[in-house]
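In what follows, a structure is listed as structure tokens, so that the remarks can point back to it.
The values are calculated or read from the model by the stated rules, or taken from the named source; none is laboratory data. Keep in mind the model is a prediction, meaning the values are calculated, not measured. Cβ placement follows ideal geometry from the backbone for every residue including glycine, while neighbour counts extend to all protein chains displayed.
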Amino acid sequence: MPKKAPHKQGKLPSAFPNNVKKPGKYHDGDGLMLIVDQSEAKRWVQRLVINGRRRDIGHGSFKHVSLKVARLKAAAASKLAREGGDPLAERRRERGVDTFEELARKVHELKLPTWKNPKHADQWINTLRTYVFPKLGERKVSDISKFDVLSVLEPIWTSKHETASRVRQRMGEVFKRAIALDWRQDNPAEAVKATLPRISRGRVKHYKALDYNLVSQFIAELRQRQAWPVTKLAYEFLILTALRTGEIRGALWSEIDIEKAEWFIPGERMKAKADHRVPLTPRMLEILAEAKDYAAAGGRLVFPSQRGDRMLSDNTFRKLNENTSHDIDVHG
């Protein structure tokens, strides 16, 4: 900023802005000042206290904004600030506010690097596309009220409660971004939380487990099934390790230490996010040796699909359960 030039406090003479050439700040009252740079370029800046903070507001170049117009702009900003408003936020609003869908897609783009699983990224935007965009997608994010949010949530709050809860949470993230951009002051998705009925989660659903005494019988039956051999090996490995299907399907040869008879699973692949070590029994080592015969050259996965070095699908193990004499669930 140029150094302050000598100038008596008070209104600037009408001809002063046009004639002054010396670099400095020249005050006109109401916090408005004319700033002359070293290059003799001139611009209007107003210093105000907005919500307890001192802020500078630009009112344009003297080349395009006369002294009279600059005073009118400064008077309007001062009035708004005295009434508790924010002239800077108002200006941003006037420049254009995104629709809910536009801002939601921008929030989604910002969050993309934080998701390790692309499926989660798709689920985030798909819930909004299904339940929110048809009703509120084209509305300015600044114009959406608590009643609008309720119009989205109430029809599905009891019938699809888990989905509705996620929709409310994701709408809330979009409104938080709008608040950060000074496009609104409140978060209607948070405001409606107390007005929506509490839904009991009921009893925890337990997975159907296989009786320990029937494990050998089940594995013997499994080996006779018509299926991709790697799938059967993977299922037996799942039973012996008592892990989740995702950890088996994503197992990598780089995690296996045959000499130490140990499988090291990094925390990023575990639900608890903690490293996990699995001692490998003789039968587990036999399974790994058999699986190696089916591995593609240079393949990374221990239990690849028939389509090459790709993970087995989510439903792989469930399909193997069909038409067996055992009614059990696999734990994903």
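Observations on the model:
- Whichever residue in the range 71-84 is out of contact with any helix residue (DSSP H, G or I) (no Cβ under 7 Å at 6 or more places or on another chain) and touching a residue at least 24 places away in the same chain (Cβ under 8 Å) and, among such residues, is surrounded by the most Cβ atoms within 10 Å (Cβ to Cβ): A74
- Any hit, the range 99-110, residues being of a type in the set (D, E) and under 30 Å from K11 (Cα atoms): no
- Flag if G137 is within 26 Å of Q185 (Cβ to Cβ), touching a residue at least 12 places away in the same chain (Cβ under 8 Å), more than 15 Å from the chain's Cα centre (by Cα) and not assigned by TED's automatic domain parsing to the domain that holds H59: yes
- In the range 184-205, residue farthest from Q123 (Cα to Cα) [restricted to those that are within 19 Å of the chain's Cα centre (by Cα) and in contact (Cβ under 8 Å) with a residue 40 or more places away in the chain]: P188
- When K135, K106, K119 are checked against the criterion of being under 24 Å from T195 (Cβ atoms), surrounded by fewer than 18 Cβ atoms within 10 Å (Cβ to Cβ) and basic (K, R), a single residue qualifies: K135.
- A residue that is closer than 19 Å to R91 by Cα, at pLDDT below 90 and touching a Leu at 6+ places or on another chain (Cβ under 9 Å) cannot be found anywhere in the range 15-29.
- Members of the range 25-70 that are among the charged types (D, E, K, R), surrounded by 14 or more Cβ atoms within 10 Å (Cβ to Cβ) and either out of contact with any Phe, Trp or Tyr (no Cβ under 9 Å at 6 or more places or on another chain) or part of a helix (DSSP H, G or I) (or both): K25, D30, R47, R55
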